[in-house]
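Take a look at the structure set out below.
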Amino acid sequence: MTTEVFTPTVGVTMTPSAVKHVRKQLDKASGAKGIRLTIKKSGCSGFKYETQWVDEALADDTVFHIDGVDVFVKEEHLPLVNGIEIDFVTEGVNSMFQFRNPNATAECGCGESFTVS
């Protein structure tokens with residue numbers, strides 16, 4: 001058995017809009033230290049993004065410090081999100097995170113899930 005070690009070349013980035021939104025939410029969330037980007041198997045394309053507030057870092061977290069915001073990613077998810085940019089967009093009355101992932105080779109029609117090769 002061989003073990004492969006992944007070292008992110010870019011990591012995770014955030015747009016100023018996403019940083020501003022997360023900072024604002026962290027000010028409201030008592031005890032939260034940052035945001036976690038998680039990848040779950042789901043959807044019609046295979047994987048989906050989830051975000052959660054982080055109260056405490058886990059042993060297998062890699063932390064990206066972006067303009068005063070800490071983004072926590074489990075080591076096992078790094079190959080799927082290396083180079084990802086997190087944005088926060090408003091479309092009409094809806095606001096949401098938008099993920100620009102250079103590793104995604106396809107996305108489902110509704111934009112909820114993605115595939116990597």
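Annotations for the structure displayed:
- Three-way shape label, segment 59-117, alpha-carbon gyration tensor, a/c 1.5: oblate
- Each peptide among 21-27, 100-106 gets the average number of other Cβ atoms lying within 10 Å of its residues, and from highest to lowest they stand as 21-27, 100-106.
- Residue-count net charge about GLU75 - beta-carbon cut-off 10 Å; Lys, Arg +1, Asp, Glu -1: -2
- If both residues of a DSSP beta bridge must be in segment 12-116, then about 85% of such bridges are antiparallel.
- Gyration tensor verdict on the chain (Cα atoms; rounded if a/c is under 1.5, prolate if a/b is larger than b/c, oblate otherwise): oblate
- Entry note, segment 12-116: relative contact order of 30 percent, from Cα contacts under 8 Å with a spacing of 6+ residues.
- Cβ crowding within 10 Å, taken as a proxy for footprinting-reagent exposure, orders SER113, SER17, SER42, SER30 from fewest neighbours to most as SER30, SER42, SER17, SER113.
- In a reduced charge model with +1 at each Lys and Arg Cβ and -1 at each Asp and Glu Cβ, segment 12-116 shows a dipole moment near 200 debye about its Cα centre.
- Here the peptides 78-84, 62-68, 92-98, 33-39 are ranked by packing, the mean other Cβ count within 10 Å, and the order with the highest first is 33-39, 78-84, 62-68, 92-98.
Readers should treat all values here as calculations from the given coordinates under stated rules, not as data from a laboratory. Keep in mind the model is a prediction, meaning the values are calculated, not measured. Glycine also receives a Cβ, built like all others from the backbone with ideal geometry; neighbour counts cover every protein chain displayed.
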